[in-house]
Every structure is written in structure tokens, then in C-alpha cells.
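The values are calculated or read from the model by the stated rules, or taken from the named source; none is laboratory data. What you see is a predicted model; the values in this text were computed from it and never measured. Cβ placement follows ideal geometry from the backbone for every residue including glycine, while neighbour counts extend to all protein chains displayed. What goes into the accessible areas is simple: the full protein's heavy atoms, side chains included, and nothing from ligands, DNA or RNA. Shrake-Rupley method; radii C 1.70, N 1.55, O 1.52, S 1.80 Å.
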Amino acid sequence: MAIEAPPSSASFFAPWPDRLRHSAIVLLVAGLALAVLVAFDELSPLRAAVVFGCITAAALVPWRLHHAAISREDVRGANPVEAAAVAAVVAGMPDPAVLLDRAGRVIHLNAAAAQLAPALRKNELAQFALRSPEIITALREAIATTEPRRATYLDHVPVDRWMELMITPVPVPTAFGGTDKCMLMTFHDQTPLRRVEEMRADFVANASHELRTPLAALSGFIDTLQGPAKDDVRARDRFLGIMHAQATRMARLIDDLLSLSRVELSAHVRPDASVDLVPIIRQVADGLEPLARERQVEVDIGLPDTPVAIAGDREELMRLFENLIENALKYGASGGKVIVSLNSAATGEGAPEIRVMVRDFGPGIAPEHLPRLTERFYRVDVGDSRSQGGTGLGLSLVKHILNRHRGRLLIESVPRNGATFTACFPQPKTAPSA
């Protein structure tokens, strides 16, 4: 804590000429009166000099004490750390940043920090708002030692995010020329790097697992065509058709794996562009009309006439609805009908949301399979899925796209009575940016 320095002798004597000038008339009248008294022997010269000295000293006293007190309070309140320039610097930092005093109270924070930790408040202890054990430990050590500290922690809300915290002691000037130590906390999002590492490992593991079978089939057919069936036209045509189907399956599998990896890579970044769901669903339904005619399935589209806008990624939403409607056309074709509808509803907590429902009237799904439908490569019927051209990644991709949009997937099914897949999106409180 800074201590107010006593005024120097130069500053103490500086105002005296002004005070003498302002009190000149009083001193002149007092001097004349004392001189008259001395002249009539009413007062001795020594006593007259003492009285005049007392009057002069009284004239030099700064009687406007309340103004000086106000000035000292203004100086004391002008803390350089709380200046607008420091607040502007913290607000302009791209990463979440919080400036703390030596006790751990918040002096300044930027908008990114307020979004990361909404409980942070100015002039309150940061430890009460940041409850992660790693953050509290690093902050206490930095305050106790005034040395830099670094910590890595996993934030689970609203999605998993790997964050790196850096606490840097910053020497700052005080109002009276001294120095003090503040703590600058900066948060760096390490999630993209972690996602890239996980994506690389998952892609290699999944690709090596799922591509093994079609690659083995292609290799076997190539050896057969180069050997025993070299001159067999009928076998060659048959094997080439199988090889084409396997190559198409591998291309679709790689495409789904890459799409899933891209969605997982950006799962922690919520889309902020405004998209209208109505034309997206209509475009997807129109694109799947040839498949519906081939499977002899009637698609009933029930959409409102007014726009239904959410904050989302258009390409990802098209992929989501394409997977849901295509699955209904493939695996629920025996029902002869698919219903696609859009409406508004409320969650169990009363929060409004937008629901897109895709229902088929096929054989349905057994209850034991429902909890695992969104797992990678999980299939209710492996043979039927592969014969339909499925990769086992469609519903997993749907789930990850909904997670990125802060939505959820509801699955309801009764055996021999079809299945209903509902994509739920939170209804924006304000219109998202275009």
C-alpha cells in the first residue's frame, strides 16, 4: 500500500507570496494602528512587534483546509491501475484476460473473460468465480510468490474445452511514485490442438478398421482377374461390379470420416450465422426425391410458411437432415411413408426449442439398440446396413453436429411401428447475426 509522502519545504513555502499579497491591506492597517499606539506611548515597540508578527503569521495560515483535503482524496483515488487506458488494453486483448490486485480481486476483465466465466465481477475475488482446482492452486501460488504460474484444465461446460491458464505478475506504478504487483490472468484455448491430435488418432484407427475388409476384397478380386478369371468375360464383369461397389463404399466411408473429424474439430465453437431451416429441409427433400421414388416411399413434408431461423452452419445442417431423411427412406421403406415436420416446443425445464421430426413406418428398432445408435460404426443389422451402403457413421455425425449447435437428438421407436428421430435446436433469444 502506498503511503502519502509529506510535502517538501519548497512546496510548503511556495504559496506564501500569494497569501501575503492577499493579506496586504490587513497587514497595512494593523501596522499603522500599532505604530500610532507606539507613538502615543500606549504600547512598547517590542510588544507592538510581537503583535504584528502574530498577525502576519495568522495571515500566512492556509484557511481553505477543506479544498486541500478534497485534493488529497482526488490524488489518492487516482490509481493508475484503474485508469481507462489500462481497462482499454485489457479489453483489447484477443484471449480472455483478467487483471487482479495482490489480494486476487478483479480490477479489469474483457468480454471474452466474462463469456468464459460469467461469475467474474469487478472488485470481487476471482477464486469465488473460478472454481477449477487447477486455477485456484495456480492463483494462490502466484499471489504468495509473485512468480509466473501456468496450469492446464478441462472445462466441461457447455462442451469439453482444454484451456491453458497463464498468470503473470505485472509491476505497476502507484499514485505516489511507488510500485505494486498485479496479476494478469490470460486463458488460451488449446482445444483445436487437442482435437487435431485426437482426430488424427481416431481417423487412423477407424480407417484401418473399416477399410480392411473392402481393401481385402479388392485385392482378392484383382488377383483373381489377373489369374484364373483372366479370360472369363462373365466373371470379369461380375467381379468389376463388386469392385466398383467396394470402392464406392470406401469413398463414402472416408468422406464420412473426414466430415465427422471436421465437426469434432470445431465442436467447441458454436456457429453464429443466421440460417433458415425451412429452405434447407426442402432442398434436402428435393435432392432425395429420386431415392424416394426408387424405394416407392411417399415423403410428407410439413413445414411452416414463415422463416424459422437459428444460429447454425448451413452445410452441416444439410448433412444432418440428409442423413436423417436418407436413413428413413432406406431402413423404413417397408412402411411406404416418411413424415418430415418442423414445430416449436419446450424442454422439461421450460426452455423453448425448435424440433425437426423425421418419422418412418418401417420395422422399427428394438429397445436394446436405442442407447447405442449414435456410436461410431454401430449397426443394428450389419448385413442390411452394408447392403444399403451405410457406413455406421451417419447418426454419430448427426449427434456431433447437434452438439456443436448446442442441440440434442431424441430417438423413439416401437418394433413393427416405425421410428422417430427428432433434432432439437435451442431457440435463439435474439436474432443471430447474418
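List of remarks:
- Modelled label positions at Leu218 and Arg236, each set 7 Å beyond Cα in the direction of Cβ, lie 2.1 nm from each other.
- Distance between region 118-169 and region 230-256 - C-alpha centres, whole angstrom: 56 Å
- In region 88-182, GluC sites (Glu not before Pro) in a DSSP loop with at most 16 other beta-carbon atoms within 10 Å: Glu124
- For the residues Glu326, Glu197, a 1.4 Å probe over the protein chains yields an accessible-area ranking, largest first, of Glu197, Glu326.
- Accessible-area ranking of His369, His156, largest first, probe 1.4 Å: His156, His369
- Computed extension gain for Glu315 through Ser23, at 0.36 nm per residue and net of the alpha carbon distance, reaches 96.6 nm.
- Pairs exceeding 30 Å between alpha-carbon atoms, taken from Lys330/Lys429; Lys122/Lys429; Lys122/Lys399; Lys230/Lys330: Lys330/Lys429; Lys122/Lys399; Lys230/Lys330.
- Between Glu368 and Ala39, full extension at 0.36 nm per residue minus the direct alpha carbon distance yields a gain of 106.1 nm.
- Prolate/oblate/rounded call for region 241-289, Cα gyration tensor, a/c under 1.5 rounded: oblate
- Net length gained if the chain between Leu225 and Thr168 were fully extended (0.36 nm per residue, minus Cα distance): 13.7 nm
- Ordered from largest to smallest accessible area (heavy atoms of protein chains, 1.4 Å probe), the residues Thr224, Thr248 come out as Thr248, Thr224.
- Scattering from region 279-334 was approximated by placing one identical point on each alpha carbon and applying the Debye formula without solvent; log10 I(q)/I(0) at 0.13, 0.15, 0.30 1/Å stands at -0.35, -0.45, -1.29.
- Förster radius 25 Å - calculated FRET efficiency between Tyr378 and Arg416, Cβ distance, rounded to 0.05: 0.70
- Here the simple spin-label model places points 7 Å from the Cα toward Cβ, and for Arg150 and Leu193 these points are separated by 0.8 nm.
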